[in-house]
1. Could you grab me the full set of residues in the stretch 176-200 that are of a type in the set (A, V, I, L, M, F, W, C) and either surrounded by 13 or more Cβ atoms within 10 Å (Cβ to Cβ) or closer than 23 Å to Leu111 by Cβ (or both)?
2. State all residues of the stretch 37-53 that are at pLDDT 80 or above and either over 21 Å from Leu122 (Cα atoms) or surrounded by fewer than 16 Cβ atoms within 10 Å (Cβ to Cβ) (or both); if no residue qualifies, say none.
3. Checking Pro159 against (1) open to solvent by less than 80 Å² (accessible area, probe 1.4 Å); (2) over 22 Å from Arg64 (Cα atoms); (3) under 25 Å from the mean Cα position of the chain (by Cα), which test does it fail?
4. Examine the stretch 201-217 for a residue that is on the phi > 0 side of the Ramachandran plot and in a loop (DSSP other than H, G, I, E, B), and state whether such a residue exists.
5. How do the pairs read when you match residues in the stretch 213-227 that are under 11 Å from Arg178 (Cβ atoms) with residues anywhere that are exposed (fewer than 13 other Cβ atoms within 10 Å of the Cβ) and at pLDDT below 85, using Cβ under 6 Å and keeping only pairs 6 or more apart or on different chains?
Amino acid sequence: PGERGVECIVEEERLRRLSYVGRRTGRRTCPGGGTPVVERNSKNVSATTRLAALTAGELLHVYRPLYWTTAERNHAAHDLDALRHGGGGLAASTGARSGRMELLKSWIVSLAMDVLSHRLTLAAAGGCGGGGGGVDTPSGIIGMLKHPNNDVNTARLPPATAEELKRRKMRWMLYLLRCPVWDVMTRPVAGGLADVVGRFVPLLGRPVANYVMDLLVYWQRHHFMLEG
């Protein structure tokens, strides 16, 4: 006597409210029922961490060409100023050496930006990392950066993401065409190899070596210089 039934729709609504995990508060019920408790929602934390890593990686990827273009422009302006006021001698040689060292520093920073961007994007889009906790925590992302051999399996990534990351990584080879590495290492080494091939390979050695050298020079002067 005095009891009344609870309609199914009302009970379902009550249970739904109790089990609801708020996006802002992270409210969650105990597994055995009872009074709801408030605890931190780990999924929201991991999503925020991944979003931060992905944003940082993509910003580095976008900003890197601007940084390198600015460095090249400053280097060209430095050389032009040296030609106008120096003319020659020890002062001009010292200024040219200083300009090459500054450009080399910018080359190293630019490459580091590309590598760090790749690591952050890979860690955010993957799902496993090199440190404790995976990429769902900041320590997991730091672990990924500290252990570059622990790559995520690209098969776990969406095909478009995996293809884009692979394309970006392959383009690191183009750093060999950027000054001052092109002037100091790539061109002398390639020229020496072309001479060896042309000298010791009969008939086709010289034409093929010259064609490869012309192709490298074309990419360095025209296509690649416009790309940044």
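The values are calculated or read from the model by the stated rules, or taken from the named source; none is laboratory data. All of these numbers come straight from a predicted model, not from anything done at the bench. Reconstructed Cβ throughout: ideal geometry from the backbone, glycine too, with neighbour counts over all protein chains shown. Ligands, DNA and RNA are excluded from the accessible area calculation, which covers all protein heavy atoms including side chains. Shrake-Rupley method; radii C 1.70, N 1.55, O 1.52, S 1.80 Å.
1. Selection gives Leu176, Leu177, Cys179, Val181, Trp182, Val184, Met185, Val189, Ala190, Leu193, Ala194, Val197.
2. Thr48, Leu51, Ala52
3. Result: Pro159 fails condition (1) only.
4. Looking through the stretch 201-217, at least one residue is on the phi > 0 side of the Ramachandran plot and in a loop (DSSP other than H, G, I, E, B).
5. Sorted first by the residue in the stretch 213-227, then by its partner, the list stays empty.
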